[in-house]
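Asks: Mind having a look at this structure? Questions to follow.
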Amino acid sequence: MKNETMIEQLKTIIKPYVENEEQWNNLNDETDFIKDLDINSANLVDIVLDIEDAFEIEIDNDAMEKMLNVKASIEVIKQKIAEK
Amino acid sequence: MTSEEIIAQLPYGDDFCFVDELTHLSLDKIEGNYRFKETEYFYKSHFKNNPITPGVILTECMAQIGLVCFGIYLMAEDTTALRIVMTSTDIEFIKPVYPKEQVKVKAKKMYYRFHKLKCEVKMYNEKDEIVAKGILAGMLIK
């Protein structure tokens, strides 16, 4: 799966949790979920659970802790897909 | 862990503790109850000459049993530095609760992952009528 496709899929997953549409539109590799999107840690858990469902992967605690921005999340998703 | 051991670990002062006992404890669900005293401080003003338990207090009671007591139970190994922060509430109120009424709270775990506990919580009165229901979530932080 291409990075762009993944980012698009990720954007769709994140949308319900983002208050500010402009921030969401500007989402890129470096976007930090907590700092840039004002997502709290509880919603971040829900995003990770939605990612698990969407990509049919299982994310462990160590991987979850890395998923703080778009780039790192894509890395984790790719790695988990490869491990399947 | 027993009901008494969990209640002893609650971080609330006397006038803000809304748990009397826990009657069921398991990994999937928790049940407990609380009897609202006639002397609770909020009855004096909510409302003037017409005491009714505020919805926020019913929510607090549901959260103390369904998130905090449940969280302490689920983290049983080590709760010394545990902090539980409520992160979302979505509660409907169906019937009023008056002074001296006992309420029963039943919480079912939806999931507990990455330190987040999310539960479906229902509150019943002594006639077993549902008085409030909804979904609560919190983070268990060490």
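Read the figures in this text as sums done on the coordinates, not as results from a lab. Nothing here was measured: the structure is a model prediction, and the numbers come from that model. Reconstructed Cβ throughout: ideal geometry from the backbone, glycine too, with neighbour counts over all protein chains shown.
Asks: Starting with the fewest neighbours, write out B:D90, A:D62 ranked by other beta-carbon atoms found within 10 Å of each beta-carbon.
Replies: A:D62, B:D90
Asks: Over the residues of chain A, compute the C-alpha Rg and express it relative to 2.2 N^0.38 Å.
Replies: With N residues counted in chain A, Rg over 2.2 N^0.38 Å equals 0.99.
Asks: Which of the lysines could a cross-linker bridge to A:K35, judged by Cα under 23 Å and excluding same-chain residues fewer than eight apart?
Replies: A:K11, A:K15, A:K66, A:K71, B:K116, B:K142
Asks: To the nearest µm²/s, what D does Stokes-Einstein give for the protein assembly as shown at 20 °C and 1.002 mPa s, using the Kirkwood radius over alpha carbon pairs as Rh?
Replies: 110
Asks: By how many nm would the segment from B:F47 to B:I135 grow when fully extended, if each residue of separation counts as 0.36 nm and the alpha-carbon distance is taken off?
Replies: Here the answer is 29.0 nm.
Asks: Pick out, in residue order, every one of the GluC sites (Glu not before Pro) in segment B:46-136 that is DSSP loop and has at most 16 other C-beta atoms within 10 Å; say none if there are none.
Replies: For GluC sites (Glu not before Pro) across segment B:46-136 that sit outside H, G, I, E and B with at most 16 neighbouring Cβ atoms in 10 Å, the list reads B:E77, B:E101, B:E126, B:E129.
Asks: Where the centroid of each part is defined by its Cα atoms, how far is segment B:28-97 from segment A:12-84 in Å?
Replies: If we compute the Cα centre of each part, the gap is 32 Å.
Asks: Sticking with this structure for a sec: Could you pull out the GluC sites (Glu not before Pro) across segment A:17-84 that fall in loop regions by DSSP (anything but H, G, I, E, B) with no more than 13 other Cβ atoms inside 10 Å?
Replies: The qualifying sites are A:E19, A:E30, A:E56, A:E58.
Asks: What distance in nm lies between label points placed 7 Å from Cα along the C-beta direction at B:T2 and B:M86?
Replies: Each label point lies 7 Å from its Cα, and together they span 2.9 nm.
Asks: Run through every distinct alpha carbon pair of segment B:3-141 and return the Kirkwood hydrodynamic radius in angstroms, one decimal place.
Replies: In segment B:3-141 this quantity evaluates to 15.0 Å.
Asks: Sticking with this one: Among B:D20, B:D128, B:D28, whose mean-square fluctuation peaks in a Gaussian network model of chain B (Cα, cutoff 10 Å)?
Replies: Highest fluctuation among the options: B:D128.
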